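Q: Before I ask anything, let me first share the structure, which is written out below as structure tokens.
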Amino acid sequence: MAPTLMASSTSKPLLSTPTPNLPPPRSIPIMAKAIPSPARSLLKSLSISPRTIALGAAASLAAAPLPALAAEIEKAALFDFNLTLPAIALEFLLLMVALDKIYFTPLGKFMDERDAAIRAQLGDVKDTSEEVKQLEEQAAAIMKAARAEISAALNKMKKETTAELELKLAEGRKKVEQELAEALELLEKQREETIKALDSQIAALSDEIVKKVLPTV
Amino acid sequence: MNVIPCSIKTLKGLYDISGVEVGQHLYWQIGALQIHAQVLITSWVVIAILLGSVIIAVRNPQTIPTGGQNFFEYVLEFIRDLSKAQIGEEYGPWVPFIGTMFLFIFVSNWSGALLPWKIVQLPHGELAAPTNDINTTVALALPTSVAYFYAGLTKKGLGYFRKYIQPTPILLPINILEDFTKPLSLSFRLFGNILADELVVVVLVSLVPSLVPIPVMFLGLFTSGIQALIFATLAAAYIGESMEGHH
């Protein structure tokens with residue numbers, strides 16, 4: 001009827017192409033009879049009756065009646081809902097409970113606890129670093145205090161030294177001034193003495209000048 | 001007109017060569033109800049892997065983690081980050097939900113790609129990732145809806161329903177529709193991706209036996225991881241969205 005492709009391993013027909021010279025529509029019932037029943041039942045199981053195909057394929061085939069099929073192979077039930085559905089659903093729910101009990105909850109809890117422990121340890125490490133920070137702060141405070149003390153002592157010393165220096169300076173100045181005053185006094189005395197001496201000399205000198213100028217007196 | 005023979009032939013061809021058993025289930029009868037045994041079995045294996053590895057790794061936690069404990073601590077941190085990013089500061093109670101969602105989907109998806117399920121022959125159907133059954137993905141999506149309703153109601157009381165008329169009452173139908181599209185898109189995205197992924201690998205393996213499917217397998221691993229992440233992230237986002245304050 002149709003040229004068939006033969007598979008190398010099997011002698012069964014693989015694919016068949018339609019013959020180019022198809023029989024007229026009138027011969028369809030005969031052809032339908034010629035359709036192997038296993039294939040038909042397969043079609044039926046896929047809930048596509050040959051009739052439906054015929055309807056879909058060509059309107060002229062719609063009226064073609066199809067004879068009853070012999071059940072050479074059992075009907076293939078792809079969409080065959082039965083007790084399997086609730087059974088699998090129940091199995092799934094039981095599996096869920098079982099896995100929850102032995103896997104999800106315990107292992108999840110274990111992992112969370114381990115996470116928490118690691119976090120806590122990390123926290124501890126952070127705490128020690130805080131302690132270190134505190135110690136560092138303490139050290140800084142001590143350093144600051146020491147520095148303040150030193151600078152205070154320095155200031156004090158500076159002040160003392162300055163005061164001493166000023167005292168000495170003042171003393172020295174006083175001394176110098178005293179000496180100066182004494183020197184000035186002495187100088188004045190000497191000047192007065194000199195002036196007195198000069199006065200007496202001047203009298204003598206003037207007497208002499210008068211004698212020389214007026215010899216005849 | 002040639003659509004019928006073409007598509008049917010193709011489908012049949014693919015079906016025949018790959019031996020892909022799409023939608024084939026091993027049924028167990030419990031009372032009047034049926035159950036997909038292969039999904040249940042693989043989900044038990046996935047749960048056993050999860051619980052076993054968790055118990056071994058986290059039994060005796062050390063302060064300095066090694067090996068398994070390290071890995072599971074990383075996973076827990078990843079889930080916590082994810083929840084925190086989507087939900088915000090009050091993410092704590094939601095970690096088990098988001099985490100279980102992520103781990104269950106991730107291990108389921110990868111089990112489909114990595115565990116040699118096909119070695120075990122079932123009388124009917126075959127073992128595969130639990131997430132390639134629509135029942136599983138819906139069973140994961142519905143609790144998500146319940147979870148975000150619960151989150152919103154406990155956080156804001158009945159004031160939670162005010163969000164339906166915000167920012168304007170005109171959006172009421174769309175807002176209500178959203179509550180249906182959210183689980184729908186969640187479940188169908190996961191289902192479609194994983195199913196398509198496994199189909200592509202199986203088909204490619206049957207077509208080209210050797211090296212070619214390997215990149216696709218790696219792509220499958222990548223997609224599986226992404227899908228788990230998307231599912232968990234969206235679940236968390238929905239919860240966060242219903243908890244956040246509307247002003």
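The values are calculated or read from the model by the stated rules, or taken from the named source; none is laboratory data. The shown structure was predicted, so the numbers you read here are calculated from the model rather than taken from an experiment. Cβ coordinates were reconstructed from backbone atoms using ideal geometry, including for glycine residues, and neighbour counts include every protein chain displayed.
Q: For the stretch B:84-107, state whether one or more residues are assigned to a loop (DSSP other than H, G, I, E, B) and either over 30 Å from B:Met217 (Cβ atoms) or away from every other protein chain (no Cβ under 11 Å) (or both). I'd like the intermediate steps shown before the answer.
A: The first filter runs over the stretch B:84-107 and keeps only residues assigned to a loop (DSSP other than H, G, I, E, B), leaving B:88.
Narrowing the set further to residues that are either over 30 Å from B:Met217 (Cβ atoms) or away from every other protein chain (no Cβ under 11 Å) (or both) leaves B:88.
Looking for residues that are assigned to a loop (DSSP other than H, G, I, E, B) and either over 30 Å from B:Met217 (Cβ atoms) or away from every other protein chain (no Cβ under 11 Å) (or both), one finds at least one in the stretch B:84-107, hence yes.
Q: Scan the stretch B:146-161 and give yes if some residue there is at pLDDT below 90, among the hydroxyl-bearing types (Ser, Thr, Tyr), outside any helix (DSSP H, G or I) and more than 13 Å from B:Thr42 (Cβ to Cβ), otherwise no.
A: Scanning the stretch B:146-161, I find no residue that is at pLDDT below 90, among the hydroxyl-bearing types (Ser, Thr, Tyr), outside any helix (DSSP H, G or I) and more than 13 Å from B:Thr42 (Cβ to Cβ), so the answer is no.
Q: Separate question: Being free of Cβ contacts under 8 Å to residues at least 40 places away in the same chain and buried (at least 23 other Cβ atoms within 10 Å of the Cβ) is the filter here, so list the residues in the stretch B:135-156 that pass it.
A: Once the filter is applied, which keeps residues that are free of Cβ contacts under 8 Å to residues at least 40 places away in the same chain and buried (at least 23 other Cβ atoms within 10 Å of the Cβ), the stretch B:135-156 yields only B:Ala139.
Q: Also, I was wondering about something else. Condition first: part of a helix (DSSP H, G or I), of a type outside the set (Lys, Arg) and within 14 Å of another protein chain (Cβ to nearest Cβ). Can you find one or more residues in the stretch B:112-129 that meet it? Please lay out each step first, then the result.
A: Going through the stretch B:112-129, the residues part of a helix (DSSP H, G or I) turn out to be B:112-114, B:117-119.
Remaining after also requiring of a type outside the set (Lys, Arg): B:112-114, B:117, B:119.
When the remaining residues are screened for being within 14 Å of another protein chain (Cβ to nearest Cβ), the result is none.
Within the stretch B:112-129 (the criterion being part of a helix (DSSP H, G or I), of a type outside the set (Lys, Arg) and within 14 Å of another protein chain (Cβ to nearest Cβ)), the answer is no, since none of the residues qualifies.
Q: Quick check on the stretch B:171-178. Is at least one of its residues away from chain A (no Cβ under 14 Å) and under 19 Å from B:Thr136 (Cβ atoms)?
A: no
Q: While we're looking at this one, here's another question. From the list B:Asn132, B:Asn193, which residue is surrounded by 22 or more Cβ atoms within 10 Å (Cβ to Cβ) and either of a type outside the set (Asp, Glu) or over 22 Å from A:Ala87 (Cβ atoms) (or both)? Give the steps one after another, and end with the answer.
A: On the way: B:Asn193 fails: surrounded by 22 or more Cβ atoms within 10 Å (Cβ to Cβ).
When all the criteria are applied, what remains is B:Asn132.
Q: Still on this model: Out of the stretch B:39-66, which residues are exposed (fewer than 12 other Cβ atoms within 10 Å of the Cβ) and of a type in the set (S, T, N, Q)?
A: B:Asn60, B:Gln62, B:Thr63, B:Thr66 - these are the residues of the stretch B:39-66 that are exposed (fewer than 12 other Cβ atoms within 10 Å of the Cβ) and of a type in the set (S, T, N, Q).
Q: If only one of B:Ile41, B:Ile49, B:Ile55 is facing chain A (nearest Cβ under 8 Å), within 27 Å of A:Ile88 (Cα to Cα) and part of a helix (DSSP H, G or I), which one is it?
A: B:Ile55
Q: Shifting gears a bit: Looking at this structure, is B:Ser185 in a helix (DSSP H, G or I), more than 16 Å from the chain's Cα centre (by Cα) and within 30 Å of B:Glu89 (Cβ to Cβ)?
A: Values: in a helix (DSSP H, G or I): yes; more than 16 Å from the chain's Cα centre (by Cα): no; within 30 Å of B:Glu89 (Cβ to Cβ): yes.
When the stated conditions are applied, B:Ser185 does not pass them.
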